[in-house]
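For reference, the structure discussed in these notes is given below.
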């Protein structure tokens, strides 16, 4: 019987598995984590599944409301001017008892512009009667923040019906509370 002296696919998998295992053990030894201290979206199984399937959502406002953190089996989504982001990794922040829970399950583009977090009427996608330059600048900044965040990721779009009725009442907003501007 002749011996086989060639490398097979299984051998390559064994070597790669051994390298990964060695790396994880070495990392644990030095950082007490298997990922060299990294704790971003690339360690999330949900993000990896999303990246592999490229399964983007296209939701209505009503459907987005289901992703508000009250059902632990669903991810937590927030919307910013039609773009939807998964913020599930920060359930303690965006979940039912979190600081920013009012943003979960809705497109609250207006509050990102006005900064009026204490006014429930500001948690809407209705941007009427706001300065359009300010709207474009601020929403672009927030979308950039979430697009490039180490733990949050873009998952799709939300489709809104055109706003009807009166626009939200004007809000005297202070975007950066506590920031004092000094004239020099």
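Please report the antiparallel percentage of DSSP beta bridges with both residues in the chain, rounded to the nearest 5.
Counting DSSP beta bridges with both partners in the chain, the antiparallel share is about 65 percent.
Would you work out the relative contact order for the chain, in percent, from Cα pairs under 8 angstrom that are 6 or more residues apart?
21
Order the peptides 110-117, 61-68, 96-103, 157-164 from the highest to the lowest mean number of other Cβ atoms within 10 Å of their residues.
110-117, 61-68, 96-103, 157-164
Please determine, in degrees from 0 to 90 and to the nearest 10, the orientation of helix 9-31 with respect to the longest principal axis defined by the Cα atoms of the chain, where the helix direction is its Cα long axis.
Roughly 60 degrees between the two axes.
Give the span of the range 49-144's Cα atoms along each principal axis, as three whole-Å numbers ordered largest to smallest.
If we take the Cα atoms of the range 49-144, the spans are 39, 30, 22 Å.
Mind ranking 84-93, 147-156 by how tightly packed they are, going by the mean number of other C-beta atoms within 10 angstrom, highest first?
84-93, 147-156
Given a 10 angstrom Cα cut-off, can you work out which residue in 75, 168, 120 is the most mobile in a GNM of the chain?
The residue with the greatest mean-square fluctuation here is 120.
Quick one: angle between helix 132-147 and the longest Cα principal axis of the chain, in degrees between 0 and 90, rounded to 10, please.
20
Provide the gained length on full extension for the span residue 7 to residue 149, in nm with one decimal, where the gain is 0.36 nm per separating residue minus the Cα-Cα distance.
47.0 nm
Every number here is computed from the coordinates shown, using simple stated rules; none is lab data. This structure is a prediction, so every number in the text was calculated from the model and none was measured. Positions of Cβ are backbone-derived with ideal geometry, glycine not excepted, and every protein chain shown enters the neighbour counts.
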